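The values are calculated or read from the model by the stated rules, or taken from the named source; none is laboratory data. Note that the structure is a prediction, hence the values are computed from the model and not measured. Positions of Cβ are generated from backbone atoms using ideal geometry, with glycine treated the same way; all protein chains shown enter the neighbour counts.
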Amino acid sequence: MKKPQSNEIQKLTDYQHHRLRTEMYLGSRSPHTQTIVNWDGKALKPVEMTWTPAVYCAFREILDNALDEVVGHGHGSSVEVTFDQKEMLFTVSDDGRGIPIDWDENEGMHKATLALTQARAGRNFGAREEVRGTNGIGASTVVSCSEHFSIDIIRDGQRFQQTFREGNAAFDELDIREPKITKNSSKTGTTIEFKLSKEVFKKANLPLAFVKARMMEIAANHPKIRFSFNGSRVVVKPTVARTFFDGKTVITIDVKDKNFKSSFYLVPNFAEEGEYLHTTVNDIPAFNGGQHIDTFKRLFYGGLIRALERESKRRGLTPNRSDIADGLLIYNVTVMHAPNFDSQSKTRLINDDVDGYIKAVLEDENTLKAIIKSNKEWIDEIYARCAARTQKKDDAELAKQARKMMRTKVPKLLDANGKDRTKCVLLITEGDSAKTMVSAVRDPEIHGALPLRGKILNVRGEAPKTLLDNQILMDLMTSIGCALGQQAERGDLRYGQVWLAADQDPDGANITALLVNFFYLHWPELFDPKLPTFFYALQTPFIIQEKGKNRHYWYADDYHTYDAKDWKGAPKPTRAKGLGSLEEADWRHSLVKPKLIPINDDGNLSDALKLIFDPKGADARKDWIALDA
């Protein structure tokens, strides 16, 4: 064929156009790589495969004609396929009625020749119903793009054999050989053999495993029809679910209408991660899904999340689409009237009317409620993924806040100045006045103070975000150098010890307990009895007795030994239950000769704190209080 000049108008024959612009008819001639769901002989698995789409489409165009005859029109009971991967040689046989072979007076050729050599000649232009062919182009394109293409038809008591070959040296015309017609009445059917042209397909790639898997899924869709591949019967079980998912948990959702029948098989834990999809529409694998898949996913995921609202509230977790989809296989088998695809290569269904069929099923709340009720283990797995995702998100936020926190100054912190921070002590005091007194008498190299004002939060059952939004807790973490979600490394902390200084009354005891609850819940390693004590409860004097220039002190654990008779003539004693009652001299004494109660985990601390502070432990607390009474 003469190469046209850029400014010439040229008209190509169908044969020439098929070979020059093959992509328009069969798809890409370049290798395509995609992860697909493939049968490996034992199970369906996600596999990355590379194939040439136009090569597979060429094979499928011929196979589809056989399936239309046997499955679509119900004539015949078997389809046989052979494939030589090295030679790109295919054979497709069916025992249907056979392609019509009578003479067409108008076209001046046999009808079989017409159907296979003339574009836009076919039988599916009327009511297409559940057939695969669409426009009478596919088979004629395959003939044009083959090195040789032969047909062997038995029909009406005759055997019709004809061969088509690539054209002359310039390949300008199809070489149509004269047919051979003989008598034969033993059976009916059509056998087609073709070898794809190396001139057209310079990068022909079609893995044997790929073709074998496609034959397996077709056979599974039609277990009553006999399929064979390369001389062996394709063995399947009575249903798609038993063939591919026997022994697995499978959720089946059926959509049934006279024009649209679709079964969605949902297989949880098909893979460790990711969502996997596979659909066949009238036995055509739509590798890019389509309207039916998009609609199903949208309605299923959204509907399931809504159906789980009460359960989500109970668990305190809200799953999203990825929590449901992760590891899930959606395997779909659709049979419908007049499917329309996005291109001749048929990789995506584009019929909009499928939405209504699927909505009718998935918008019925009973459908999803039944799935939830019957698949509790899977629902638990969804919430487990949700919890892990939420925790991961929280951890990232915590890490971000920790970095920000380390750069933030605490306005009320009276910091120690010592460079050796392991020798520094932070006093957490109840109220600002205590901090003022500490400031007046402290050793600045050693002592720091942080006053608390306001209620300390019971952190049991609270989300990390709640803690991060609490200014008191943020000041505590920043002052000490602790971060939520991170283990406390003592060498990295800003203080070597923390003294909890609260009023010597029930309110002060509650504050101390709430602080211990907070620190133990998030950094239990700081309470390890095998390591030097980190937290102490600072006991301030409970009774203060002056005598001359001396001041004498009694504490909560020994104040009962104080006897006023021993101090006749002395000033009236001070009962200092609150830190505000202490004078500078009392604070100086408390810092120079501190009376400290170490707070370590004796093996019972966790249970004790849970008993006191767990929001769900009201009944246990009542029993404990009653027992103590």
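Considering only residues of the range 411-441 that are assigned to a loop (DSSP other than H, G, I, E, B) and touching a strand residue (DSSP E or B) at 6+ places or on another chain (Cβ under 7 Å), which is nearest to A585 (Cα to Cα)? Working first, answer last.
First, the residues of the range 411-441 that are assigned to a loop (DSSP other than H, G, I, E, B): 411-413, 415-420, 424, 431.
Imposing the further condition that a residue be touching a strand residue (DSSP E or B) at 6+ places or on another chain (Cβ under 7 Å) reduces the set to 412-413, 415-416, 424, 431.
Numbers: K412: 23, L413: 22, D415: 21, A416: 20, C424: 22, G431: 18 Å.
Among residues in the range 411-441 that are assigned to a loop (DSSP other than H, G, I, E, B) and touching a strand residue (DSSP E or B) at 6+ places or on another chain (Cβ under 7 Å), the one nearest to A585 (Cα to Cα) is G431.
Looking at the structure I just gave you, is D152 farther than 21 Å from G27 by Cα, acidic (D, E) and free of Cβ contacts under 8 Å to residues at least 12 places away in the same chain?
Values: farther than 21 Å from G27 by Cα: yes; acidic (D, E): yes; free of Cβ contacts under 8 Å to residues at least 12 places away in the same chain: no.
Criteria not met by D152.
Within the range 522-566, how many residues are crowded, with 20+ Cβ neighbours inside 10 Å, among the hydroxyl-bearing types (S, T, Y) and over 30 Å from R460 (Cα atoms)?
So the count comes out to 1.
Which of the residues belonging to the range 38-81 are assigned to a strand (DSSP E or B) and of a type in the set (S, T, N, Q)?
First, pick out the residues of the range 38-81 that are assigned to a strand (DSSP E or B): 38-39, 44-51, 78-81.
Across the range 38-81, the qualifying residues are N38, T50, S78.
Pairs only if they're at least six apart or on different chains, beta carbon under 8 angstrom, first in the range 429-449 and closer than 20 Å to L473 by Cα, second assigned to a strand (DSSP E or B) and of a type in the set (S, T, Y); list them, first residue then second.
Cβ pairs passing all conditions: K435/T429; A449/T429.
Every residue, every condition in (1) within 23 Å of V255 (Cα to Cα); (2) at pLDDT below 95; (3) basic (K, R), yes or no:
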| position | (1), (2), (3) |
| --- | --- |
| I350 | yes, yes, no |
| D353 | yes, yes, no |
| D364 | yes, yes, no |
| I372 | yes, no, no |
| I382 | no, no, no |
| C386 | no, yes, no |
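Just checking, does the range 277-294 include any residue being under 30 Å from F59 (Cα atoms), acidic (D, E) and not in a helix (DSSP H, G or I)?
First pass over the range 277-294, keeping only residues under 30 Å from F59 (Cα atoms): 277-294.
Checking which are acidic (D, E) leaves us with 283, 294.
Next, only the ones that are not in a helix (DSSP H, G or I) stay: 283.
Yes, some residue in the range 277-294 is under 30 Å from F59 (Cα atoms), acidic (D, E) and not in a helix (DSSP H, G or I).
Kindly check whether there is at least one residue in the range 204-226 that is outside any loop (DSSP other than H, G, I, E, B) and more than 32 Å from the chain's Cα centre (by Cα).
Here is the first cut: in the range 204-226, the ones outside any loop (DSSP other than H, G, I, E, B) are 208-221, 226.
Still in the list and also more than 32 Å from the chain's Cα centre (by Cα): 226.
Checked against the condition, which is being outside any loop (DSSP other than H, G, I, E, B) and more than 32 Å from the chain's Cα centre (by Cα), the range 204-226 yields at least one hit.
Does P319 satisfy the criteria of being of a type outside the set (F, W, Y) and within 30 Å of R385 (Cβ to Cβ)? Before you say what the answer is, go through the steps one by one.
On the way: of a type outside the set (F, W, Y): yes; within 30 Å of R385 (Cβ to Cβ): yes.
Against the criterion (of a type outside the set (F, W, Y) and within 30 Å of R385 (Cβ to Cβ)), P319 qualifies.
Going by what's in this entry, would E583 be described as surrounded by fewer than 19 Cβ atoms within 10 Å (Cβ to Cβ), at pLDDT below 95 and either within 20 Å of T422 (Cα to Cα) or of a type in the set (A, V, I, L, M, F, W, C) (or both)? Give the steps one after another, and end with the answer.
Details: surrounded by fewer than 19 Cβ atoms within 10 Å (Cβ to Cβ): yes; at pLDDT below 95: yes; either within 20 Å of T422 (Cα to Cα) or of a type in the set (A, V, I, L, M, F, W, C) (or both): no.
No; evaluated as a whole, the condition is false for this residue.
Could you list, in sequence order, all residues of the range 494-514 that are at pLDDT below 95, surrounded by 18 or more Cβ atoms within 10 Å (Cβ to Cβ) and under 16 Å from P541 (Cα atoms)?
A501, A502, D503, Q504, G508, listed by residue number.
Please verify whether A402 is modelled with pLDDT under 95, aliphatic (A, V, I, L, M), farther than 25 Å from R314 by Cα and surrounded by 13 or more Cβ atoms within 10 Å (Cβ to Cβ), treating the condition exactly as stated. Walk me through it before giving the result.
Numbers: modelled with pLDDT under 95: yes; aliphatic (A, V, I, L, M): yes; farther than 25 Å from R314 by Cα: yes; surrounded by 13 or more Cβ atoms within 10 Å (Cβ to Cβ): yes.
Against the criterion (modelled with pLDDT under 95, aliphatic (A, V, I, L, M), farther than 25 Å from R314 by Cα and surrounded by 13 or more Cβ atoms within 10 Å (Cβ to Cβ)), A402 qualifies.
Take V71 and decide whether it is surrounded by 23 or more Cβ atoms within 10 Å (Cβ to Cβ) and in contact with a Leu (Cβ under 7 Å, 6 or more places away or on another chain). Quick ask: steps written out before the conclusion?
Values: surrounded by 23 or more Cβ atoms within 10 Å (Cβ to Cβ): yes; in contact with a Leu (Cβ under 7 Å, 6 or more places away or on another chain): no.
When the stated conditions are applied, V71 does not pass them.
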